[in-house]
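Below is one structure, written out as structure tokens; comments come after it.
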Amino acid sequence: MPELYETEEFTRDQIPIRIFNHYFEGKDIFTPAHWHQNVEFNLTTGGRIQHMVDGELLEHQPGDVVIVNSGVLHSNHWIAPTDYFEGVTVQVSKAFIDQWLSSRLSFKVPDKAYERDELIAVLLKFGQLKSQLCDVDTSYGEAEKNEAMTQLIQLKLMETLFQLLSVLKAYCLVEKKLDHQRDIRSSETLKEIVNYIDAHYQETVSLASVAAAFHYTPAYLSRIFKSRMGMKFHDYLQYKRLHSCISVMRNHPDRQLAALALDNGFPNVKSFIETFKKHFDCTPSEWLKKE
């Protein structure tokens with residue numbers, strides 16, 4: 001399970017990007033709310049997915065692109081448990097973009113079809129090069145030949161990265177406005193709340209206790225959480241606890257369920273099993289047999 005805040009360690013890499021070729025089915029189509037310094041570009045190539053980006057709910061089909069700017073809270077989710085999702089995600093170092101463009105900019109998906117097509121073509125190329133790198137990594141050819149292939153693909157990745165910068169500069173730039181301090185404060189406060197949940201989910205946390213910690217009424221916290229996160233406070237807390245349990249189960253399949261439940265904030269094992277069945281349509285024991 002990814003952390004809620006992701007550092008930008010890869011900015012020191014020779015090529016300051018990360019590329020992911022995705023294929024998920026059903027309820028595996030899920031990433032909890034998080035944010036990071038880098039700028040993220042997501043292309044749906046098959047199936048469908050629901051994104052929540054800075055409080056805006058977006059349903060994406062093949063050919064749709066979403067750009068997540070630096071520091072923006074975002075998550076994704078299945079639309080129906082029978083769905084599948086294929087896509088490409090490219091994360092680019094914010095420091096690298098600032099160096100070549102400007103730190104005062106954010107980015108939007110182009111309005112015109114031919115402009116979007118150029119952006120999509122670049123993202124698809126990243127996905128293809130990522131697949132080629134994976135093929136080299138798993139091949140059994142001569143070491144020198146594999147190294148030469150890897151270097152060639154890395155050069156093509158760097159070329160494609162500058163193609164992306166050209167597309168961004170031509171079609172996607174948005175000057176950051178400084179007159180939305182209320183929205184900025186609201187976003188920062190929500191990040192603090194999510195961080196608080198991340199730090200305390202193993203304890204007896206409730207809507208009322210978190211609201212009190214931030215000097216809000218429970219009704220107000222419930223309302224802003226639902227509007228900006230796209231899910232209820234309790235649902236998010238259960239997701240956090242549940243996926244923490246899953247991480248432990250993968251590494252320690254023999255762990256007793258009662259201890260696992262209590263260590264991750266569930267009041268008892270019954271609550272854990274009921275939550276698990278609600279989201280995965282099977283018990284933890286049945287799920288472990290499938291892994």
At 0.36 nm per residue, and after removing the present C-alpha to C-alpha distance, how many nm does the segment from Met158 to Thr204 gain when stretched out fully? 11.7 nm
Would you mind giving the average projected area, over all directions, of the Cα convex hull of the chain in nm² with one decimal? 17.4
Can you give the extra length, in nm with one decimal, that the chain gains between Cys134 and Asn146 once fully stretched, where that is 0.36 nm per residue apart less the Cα-Cα distance? 3.2 nm
Just the number, please: carbon plus sulfur as a percent of the accessible area of the chain, 1.4 Å probe, no ligands or DNA/RNA counted. 50
So how do 32-40, 49-57 stack up, highest first, on mean other-Cβ count within 10 Å? 32-40, 49-57
Averaging sequence separations of C-alpha pairs under 8 Å and six or more residues apart, then dividing by the length of the chain, give the relative contact order as a whole percent. 17
Among GluC sites (Glu not before Pro) in the range 85-154, those in a DSSP loop whose Cβ has at most 14 other Cβ atoms within 10 Å are Glu142
Rounded, prolate or oblate: which fits the range 43-165, taking a ≥ b ≥ c as square roots of the Cα gyration tensor eigenvalues, rounded meaning a/c under 1.5, else prolate when a/b beats b/c? oblate
Cα centroid of the range 189-203 to Cα centroid of the range 207-222, whole Å: 12
hull vol. (C-alpha, convex hull) per residue for the range 192-291, Å³ -> 98
When the helices in the chain are scored as -39500 (n - 2.57) per DSSP H run of 4 or longer and the sum is shared across all residues, what 222 nm value do you end up with, to the nearest 500 deg cm²/dmol? -15500 deg cm²/dmol
What relative contact order, as a whole-number percentage, does the range 214-291 give when Cα pairs under 8 Å and 6 or more residues apart are counted? 19
By average Cβ neighbour count within 10 Å, what is the ranking of 199-205, 264-270, 125-131, 87-93 from highest down? 87-93, 125-131, 264-270, 199-205
Multiply the residue gap between Tyr196 and Tyr84 by 0.36 nm, knock off their C-alpha separation, and tell me the result in nm, one decimal place. 37.1 nm
Rounded FRET efficiency, nearest 0.05, which uses the C-beta distance separating Phe214 from Ser271 and R0 of 25 Å: 0.50
Measuring from its Cα centre, the chain shows a charge dipole (+1 at each Lys and Arg Cβ, -1 at each Asp and Glu Cβ) which, in debye to the nearest 20, is 800
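The values are calculated or read from the model by the stated rules, or taken from the named source; none is laboratory data. None of these values were measured; they are calculated from a predicted model. Cβ sites come from the backbone with ideal geometry, for glycine too, and all protein chains shown count toward neighbours. Heavy atoms of the whole protein, side chains included, go into the accessibility calculation; ligands, DNA and RNA do not. Shrake-Rupley method; radii C 1.70, N 1.55, O 1.52, S 1.80 Å.
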